1. From 55, 84, 43, grab the single residue that is open to solvent by less than 70 Å² (accessible area, probe 1.4 Å) and free of Cβ contacts under 8 Å to residues at least 12 places away in the same chain.
2. Quick check on my filter: what residues within segment 58-71 are of a type outside the set (A, V, I, L, M) and touching a residue at least 40 places away in the same chain (Cβ under 8 Å)?
3. Residues in segment 107-119: is at least one of a type outside the set (D, E, K, R), assigned to a loop (DSSP other than H, G, I, E, B), open to solvent by 20 Å² or more (accessible area, probe 1.4 Å) and at pLDDT below 90?
4. Just checking, how many residues over segment 1-40 are among the polar types (S, T, N, Q) and surrounded by 19 or more Cβ atoms within 10 Å (Cβ to Cβ)?
5. Please give the number of the condition residue 84 fails out of (1) modelled with pLDDT of 85 or more; (2) out of contact with any Ser or Thr (no Cβ under 6 Å at 6 or more places or on another chain).
6. Considering only residues that are over 9 Å from the mean Cα position of the chain (by Cα) and either on the phi > 0 side of the Ramachandran plot or modelled with pLDDT of 90 or more (or both), which ones fall in segment 49-65?
Amino acid sequence: MNLSLHLVYEEEAYPRGKILRFAGDADFVAVPAVRQLLKKLLGQRIPFLIVDLSGVTFLNTPFWAALQRYQIDGHPNLRLALCGMNEALKAAFDINGVGLGSAEGGCIAVYETLDSAMAAARSAA
């Protein structure tokens, strides 16, 4: 589905939650639609949301803020994990000073691959 002219996403269910796969530029224009999507998902009380960024070529601070807001506003057992970040996205993450840690610790966890994020979701069960 299109979130903006430059950003699309796919949503997939899996036994412990959902996977959101983004592709394109997560720019300022896409942020309101991303916020609405995440707000809808909050209402579903998904235990483990994996955000696959392997198709993202650019993202900005408001996109990170939307992800952090999802984590902050979520229920106590909610876990959020990111995967598939290229080096440029990792650098943007570092520059923004977003707090990372383990999903088990209630932070936004980062995994290299979708498979490793899904393995973490299974072990968190």
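The values are calculated or read from the model by the stated rules, or taken from the named source; none is laboratory data. What you see is a predicted model, and the numbers here were worked out from it, not measured in a lab. Methodologically, a virtual Cβ is constructed for each residue, glycine included, from the backbone with ideal geometry; neighbour enumeration extends over all protein chains shown. Only protein heavy atoms, including side chains, enter the accessible area calculation; ligands, DNA and RNA are left aside. Shrake-Rupley method; radii C 1.70, N 1.55, O 1.52, S 1.80 Å.
1. Details: 55 fails: free of Cβ contacts under 8 Å to residues at least 12 places away in the same chain; 84 fails: free of Cβ contacts under 8 Å to residues at least 12 places away in the same chain.
From the options 55, 84, 43, the qualifying one is 43.
2. Let us first name the residues in segment 58-71 that are of a type outside the set (A, V, I, L, M), namely 58, 60-64, 68-71.
Residue satisfying the conditions is 68 alone.
3. From segment 107-119, those of a type outside the set (D, E, K, R) are 107-111, 113-114, 116-119; that's our starting set.
In the following step, the residues that additionally are assigned to a loop (DSSP other than H, G, I, E, B) were identified as 107, 113.
Restricting the remaining residues to those that are open to solvent by 20 Å² or more (accessible area, probe 1.4 Å) gives 107, 113.
Those left that are additionally at pLDDT below 90: 107.
Yes: segment 107-119 contains one or more residues that are of a type outside the set (D, E, K, R), assigned to a loop (DSSP other than H, G, I, E, B), open to solvent by 20 Å² or more (accessible area, probe 1.4 Å) and at pLDDT below 90.
4. First, the residues of segment 1-40 that are among the polar types (S, T, N, Q): 2, 4, 36.
Remaining after also requiring surrounded by 19 or more Cβ atoms within 10 Å (Cβ to Cβ): none.
Qualifying residue count for the region: 0.
5. Here residue 84 clears every test but (2).
6. First, pick out the residues of segment 49-65 that are over 9 Å from the mean Cα position of the chain (by Cα): 54-63, 65.
The answer is 54, 55, 56, 57.
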